[in-house]
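Worksheet: one structure, shown below.
The values are calculated or read from the model by the stated rules, or taken from the named source; none is laboratory data. This one's a predicted model, so the numbers in the text were calculated from it and none came from an experiment. Don't worry about glycine lacking a Cβ; one is built from the backbone with ideal geometry, like all the others, and counts go over all protein chains shown.
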């Protein structure tokens, strides 16, 4: 198949299959000849920030001259974003090649009476084939949903596990309480494998520590007071770590979001585990400063940001950050129906500096209708609510009516992807 045919096939997978158990994915990987034991796996779960932690870990490993495979989801513009080797997305030709390898083995499985893998399971297996073929030393894997039952959890002996901040998201599948959700995330913890996690609160922290204790996994918590923010600007944030190990070193990120400092600190502890303490601080410092993680408070035009906040805990952090920054702003928002969009909207309406909200509707059956979004905003704010029926119309409106304000676009990674694609097409 061609690259485009492969992408179209994968996009159509949800129409004819459902989630499979881990044994199904293990069998497919065995048929593909993927030797998981040949890679040092970093396995990352959490509600928010897990993609960022993966990207930071990947950058620091590559700065130490290691060959690294990076698997994240979802993609924003092109599916190749999910499979990265040595800092570069796999090419269209490579994508088509590993697709064909997995496609052929899936056909064999179906003839043996096994069901077809899901979208995520299929692409995860493609990534593992690509990493195996490239001979990577490390594979950094982001879980898709939860952890315990996630396809990535077929890894039996990772080098290190990490759990980022935990909040309420995907409650239909993971549980109604933070503790229940934490238990699903903690399902990636393995016997004897070090686990590093971000302090979240007594409830979820105790769940993680209990699981680690039960299986005999060395466990380290990265506290909320483990760092001090020194400076924040439009382009960067500088911080220090409250640790004798790191001394007085000043670290920088090419991002202004304070919560990214938490993700960077967690990633630093992961690479410390991998390298047995370190000796690579200058390399790690330079690597973190260079990371540009798309769709996370990413400035795609002057003072026009796209952000992947798409659940209540992420939006709460977004509101805290924007409130601290001050100034006049405009919000562009859209969401899918299986998210707590009403709670997200209520949180956004607490922002005092916003003088206009713009709502639009995403493509697909899961999209919340634009009139429903407008009605919800109008019931919670006296600020103008502008309705634009498509992301294209909404984008054109905020660009033409920015008028010196800072524009923030959030609510769904699908919205972020659509806007980034439009901007890339405009720039070509």
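Out of (1) touching a helix residue (DSSP H, G or I) at 6+ places or on another chain (Cβ under 7 Å); (2) crowded, with 18+ Cβ neighbours inside 10 Å; (3) within 23 Å of residue 197 (Cβ to Cβ), what's the single condition that is false for residue 252?
Residue 252 satisfies all of (1) touching a helix residue (DSSP H, G or I) at 6+ places or on another chain (Cβ under 7 Å); (2) crowded, with 18+ Cβ neighbours inside 10 Å; (3) within 23 Å of residue 197 (Cβ to Cβ) except (3).
Could you pull out every one of the helices (runs of 4 or more DSSP H) wholly within region 86-191 that has 1 or more residues that are without any contact (Cβ under 8 Å) to a residue 12 or more places away in the chain?
The qualifying helices (runs of 4 or more DSSP H) are 92-111, 171-174, 178-185.
Against the condition touching a strand residue (DSSP E or B) at 6+ places or on another chain (Cβ under 9 Å), over 21 Å from residue 190 (Cβ atoms), without any contact (Cβ under 8 Å) to a residue 60 or more places away in the chain and not in a loop (DSSP other than H, G, I, E, B), how does residue 55 come out, does it pass?
no
Listed here are the residues, each with its yes/no results for (1) under 20 Å from residue 232 (Cα atoms); (2) assigned to a helix (DSSP H, G or I); (3) in contact with a strand residue (DSSP E or B) (Cβ under 7 Å, 6 or more places away or on another chain).
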{"residue": "279", "(1), (2), (3)": "no, no, no"}
{"residue": "282", "(1), (2), (3)": "no, yes, no"}
{"residue": "286", "(1), (2), (3)": "yes, yes, no"}
{"residue": "289", "(1), (2), (3)": "yes, yes, yes"}
{"residue": "292", "(1), (2), (3)": "yes, no, no"}
{"residue": "295", "(1), (2), (3)": "yes, no, yes"}
{"residue": "305", "(1), (2), (3)": "yes, no, yes"}
{"residue": "321", "(1), (2), (3)": "yes, yes, no"}
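Going by what's in this entry, would residue 306 be described as at pLDDT 95 or above and within 11 Å of residue 60 (Cα to Cα)?
When the stated conditions are applied, residue 306 does not pass them.
Among the residues of region 203-219, how many are in contact with a helix residue (DSSP H, G or I) (Cβ under 6 Å, 6 or more places away or on another chain) and over 17 Å from residue 168 (Cβ atoms)?
2
Collect the residues in region 28-52 that are in contact (Cβ under 8 Å) with a residue 12 or more places away in the chain and in a helix (DSSP H, G or I), keeping them in residue-number order.
Scanning region 28-52 gives 28, 29, 31, 32, 36, 37, 38, 50, 51, 52.
Every residue in region 278-293 that is over 14 Å from residue 56 (Cα atoms) and touching a residue at least 24 places away in the same chain (Cβ under 8 Å), please.
If the condition is that a residue be over 14 Å from residue 56 (Cα atoms) and touching a residue at least 24 places away in the same chain (Cβ under 8 Å), then 278, 280 are the ones that fit.
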